[in-house]
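The values are calculated or read from the model by the stated rules, or taken from the named source; none is laboratory data. Because the structure is predicted, anything quoted here is derived from the model rather than measured. Here Cβ is always computed from backbone atoms with ideal geometry, including for glycine, and neighbour counts include all displayed protein chains.
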Amino acid sequence: MLIFVQVHRAAGLVNCERIRLQSAHMRAKEIFGLVVRLTGLWFLYQGLSGVPTAIAGIFPVFPHFYVRNIIPSLLLVGWPMLLGYWFLRGAPPLIRLAYPTESDNKDCTVPRTNPTEPGR
C-alpha cells in the first residue's frame, strides 16, 4: 500500500515522498490457527453452558442424590470443555495436518553430501 507523505514544506514548496507501509496481512496458516482457537472458545462456551444443567441433574430440587446422572452430566460438560481446551491451545496435530512443514515434504528433499569425503 503506497501513500504520499508530506516530508518538507518550506517557502510554499511541498516535497512528497512515497513510502511503503507494512500492512498487517495474516498468512493462511495464521488465519486457520485463529479459526481453530475461536472454535475452542465456542466449545468452551458450550461446556460451561451445560454446567447448570449438569448440577440440576445430579442435585435435583428434592433432597436426594442421583448417582445414575453423574456420568451423563460429566459427559455433557466434560467433552466440550476438554475439546475447547485443546482447540484453545492451538490443536497442534490439526494444524500440522493442515499445513505440513517443508521438511516433511518428501518431494523437496535435497541430496546431502558428506563434507568429510575426499573428492566431493
>> Anything in region 29-50 that is out of contact with any Pro (no Cβ under 6 Å at 6 or more places or on another chain) and touching a residue at least 40 places away in the same chain (Cβ under 8 Å)? List them, or say none.
In response: K29, F32, G33, V36, R37, T39, G40, L41, W42, L44
> Of all residues in region 16-61, how many are under 21 Å from M81 (Cβ atoms), among the hydroxyl-bearing types (S, T, Y) and modelled with pLDDT under 95?
Replying inline: 2
>> What pairs come out if I take residues in region 64-89 that are on the phi < 0 side of the Ramachandran plot and assigned to a helix (DSSP H, G or I) and pair them with residues that are among the charged types (D, E, K, R) and surrounded by 12 or more Cβ atoms within 10 Å (Cβ to Cβ) whose C-beta lies under 7 Å away, six or more apart or interchain?
In response: F87/R37; L88/R37
> In this structure, does T101 turn out to be within 20 Å of the chain's Cα centre (by Cα) and modelled with pLDDT under 90?
Replying inline: yes
> Among Y45, Y66, which is closer than 30 Å to G33 by Cβ and not β-branched (V, I, T)?
Replying inline: Y45
